[in-house]
Amino acid sequence: MATFEWEDVKIEVDEDGFMEEPDQWNERVALALASTEGVDELTEEHWKLINYLRDYYQKYGIAPMIRKLCKETGFPLKKVYELFPSGPAKGACKVAGLAKPTGCV
Amino acid sequence: MRTTRITEEERAKAFAPTRKPEVTERQQLDVRYHVEDFAVEDRPRRFLEAFAAILRHSNYRFALDHFIRMSAKCSRCSTQCQVYQATGDPEDIPCKRSELLLSVYRRHFTLAGSVRGRILGTGHLTDEKIQEMAESFWNCTACRRCSMECPVGIDHALITHLGRYILSEIGIAPRALVVSTREQLEGKTGNTSAVPVPALVDTLEFLEEDMEEEKHVAIKFPIDKEGAEFVFFPAVSDFLMEAESLMGIAAVFTATGDSWTIGTGYFDGINYGLFYSDRILERVVTKVSDETKRLKGEKVLIGECGHASRSAKYFLPVHCGGKDALPVYNIMEYTYQAWKAGKLKLQPNAIPERVTYHDPCNIARQKWILEQPRELLKAICADYVEMTPNREDNICCGGGGGTVSIDEIRPYRTAVGGKAKADQIRATGAKYIVAPCANCKKQLRELVEDQGIDAEIVGLHDLLYKAIIFPDHMIQPAVPADAEDEDNPAAEPVKPDSAGSADE
């Protein structure tokens, strides 16, 4: 566990840079986490993806299936990789403040 | 196998440190995978205690006694090891790796070895040797090609497995695996990817809707249906990653009409115990057996996953009832049998692109499943090609033995472990690489991305989904686009071969 600081944001993250306490997530935290993913600016499309992930996570306690994510946001997988170069699980989920996916993900 | 040595640049990237220096210092352990903090004091003594306890409660002694007598260290295995072929590092020669543990066994657990060691005052286990083992045993992908080549029959992967098991008992195991198995055995969700039951149900309902839209057939995922013939356990990550594989499997069962179910009590085929701990292997495989019995199912059906299939097929009889244990099938065996029996109709040439098949080590090395997927693919693909070598001689994806779940070693996996596989894939020129294994799929996707290969990694059932011909009575009339179409006689049943969506 380590403390990650970015401008005025100060959060606890694991060795892969995922939030230790997803409850402390807010939009500033998203910006801070995005900076670690090579995403300097969060556009409307980024937010659409992040908000969908967060809503699903709050309802079900896990990220949605990738096919569902693509269908519900209308972004093909390629577009998700354009928005978050590390991909949906390692990139988008991290910025949305979800815990690191485990298992064969 | 031709030499596939990596370049200096690739070497630098693959072996770059992944951990903070303070973590290495605190844990007194220099490895590339993350490890949860553990007691660092008196490590050699605790290693030997764990080793002694495992020997006492297992049959490893017979194998080790045989191995130390037979081991000639001839290095024939090095010709087959894709890791050694890539690195050229003598430390990566399989019998050198095995010797790390065999030397500890010889020195501390045989009479001759301990007498000689005491008289000469040499060879005792040190912290440095533990460090060497912690690094070396996780550089191996446990593909077992070396065992095929060994003239005296030494199973190097078994020794690696035992080494990892002992290390895990003193706290040295990749965190990625430990965290996943902890959730599986002690967590709220009870599975490695922490998928809660409501999320599972939501996902399956979503897939059912999609399939109805695409195929105009009511394809269902039966949940908690008691008395089904098959109780299904995919790698649980399939519920997040592999929509098409699951859809294909549900479509096959709908077409054949056989009964199957997914249990909400337990629905994960993954068993990382196979990679690093017999204790965990037993506990996980027991969950599979218990859930099948709870649902009064007849057979255990494992999804597209090599290690999940091997761990259930070979260890369910060991730990859950011997000869009375539930029979275990891999989904490809079922689909093949159903097709051969005429219960499943497939559209020839449904896949026009070039397709090749990657054999997952855990189902191919022992010649368990070799021809079934090939025959199915040849039945639906216009351009099917083989990789060389293949079948029981296949080359590992480079992420075997649990290493694929360790994200921090991805550069190592795709530059070193997967080097030979990348060359093989390139040589086929295939558009689709069929890899019926959750481990292989993840690794190969990362491999083609990092190596810049233009190929798509899919499961067998992803392609079968596009080729299944449903009986006419299952196909529902197309839903009219609007009310005006209600009397339109054109709203006829849509057959899959005429449905545009089938090839999407």
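The values are calculated or read from the model by the stated rules, or taken from the named source; none is laboratory data. Predicted model only: the values in this text are computed from it and were never measured. No Cβ is skipped: glycine too gets one built from the backbone with ideal geometry, and neighbour counts run over all protein chains shown.
Between a first residue in the stretch B:451-466 that is part of a helix (DSSP H, G or I) and a second residue that is among the polar types (S, T, N, Q) and crowded, with 24+ Cβ neighbours inside 10 Å, which pairs have beta carbons less than 6 Å apart while being 6 or more apart in sequence or on different chains?
B:H461/B:S245; B:D462/B:S245
Determine whether the stretch A:40-52 contains at least one residue that is among the charged types (D, E, K, R) and within 14 Å of chain B (Cβ to nearest Cβ).
Checked the stretch A:40-52: no residue is among the charged types (D, E, K, R) and within 14 Å of chain B (Cβ to nearest Cβ).
Can you find, within the stretch B:192-238, the residue that is surrounded by the most Cβ atoms within 10 Å (Cβ to Cβ) among those that are closer than 18 Å to B:C440 by Cβ and either within 8 Å of chain A (Cβ to nearest Cβ) or aromatic (F, W, Y) (or both)?
B:A235
Just to verify a result, which residue in the stretch B:148-180, among those that are in contact with a Cys (Cβ under 8 Å, 6 or more places away or on another chain) and part of a helix (DSSP H, G or I), is surrounded by the fewest Cβ atoms within 10 Å (Cβ to Cβ)?
Looking at residues that are in contact with a Cys (Cβ under 8 Å, 6 or more places away or on another chain) and part of a helix (DSSP H, G or I), I get B:E149.
Looking only at residues that are within 19 Å of the chain's Cα centre (by Cα) and among the aliphatic types (A, V, I, L, M) in the stretch B:347-365, which one is farthest from B:N390 (Cα to Cα)?
B:I363
Exactly one condition in (1) at pLDDT below 95; (2) in contact with a His (Cβ under 7 Å, 6 or more places away or on another chain) is false for B:P496; which is it?
The number of the failed condition is (2).
Can you tell me which residues in the stretch A:57-80 are under 22 Å from B:A438 (Cβ atoms), at the interface with chain B (Cβ under 9 Å from one of its Cβ atoms) and part of a helix (DSSP H, G or I)?
A:Y60, A:I66, A:R67, A:K68, A:K71
Take the residues of the stretch A:17-52 that are surrounded by 14 or more Cβ atoms within 10 Å (Cβ to Cβ) and acidic (D, E): which is modelled with the highest pLDDT?
A:E45
Each row is one residue, and each column tells you yes or no for (1) touching a residue at least 60 places away in the same chain (Cβ under 8 Å); (2) crowded, with 16+ Cβ neighbours inside 10 Å; (3) farther than 18 Å from B:H461 by Cβ; (4) not assigned by TED's automatic domain parsing to the domain that holds B:E169.
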{"site": "B:L295", "(1), (2), (3), (4)": "yes, yes, yes, yes"}
{"site": "B:G321", "(1), (2), (3), (4)": "no, no, yes, yes"}
{"site": "B:T335", "(1), (2), (3), (4)": "yes, yes, no, yes"}
{"site": "B:L376", "(1), (2), (3), (4)": "yes, yes, no, yes"}
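Could you tell me whether B:P436 is modelled with pLDDT of 95 or more, outside any helix (DSSP H, G or I) and out of contact with any helix residue (DSSP H, G or I) (no Cβ under 6 Å at 6 or more places or on another chain)?
So B:P436 does not fit the description; no.
With the requirement that a residue be in contact with a helix residue (DSSP H, G or I) (Cβ under 6 Å, 6 or more places away or on another chain), in a loop (DSSP other than H, G, I, E, B) and either surrounded by 24 or more Cβ atoms within 10 Å (Cβ to Cβ) or assigned by TED's automatic domain parsing to the domain that holds B:Y165 (or both), what does the stretch B:252-276 give you?
B:G269, B:I270, B:N271, B:Y272
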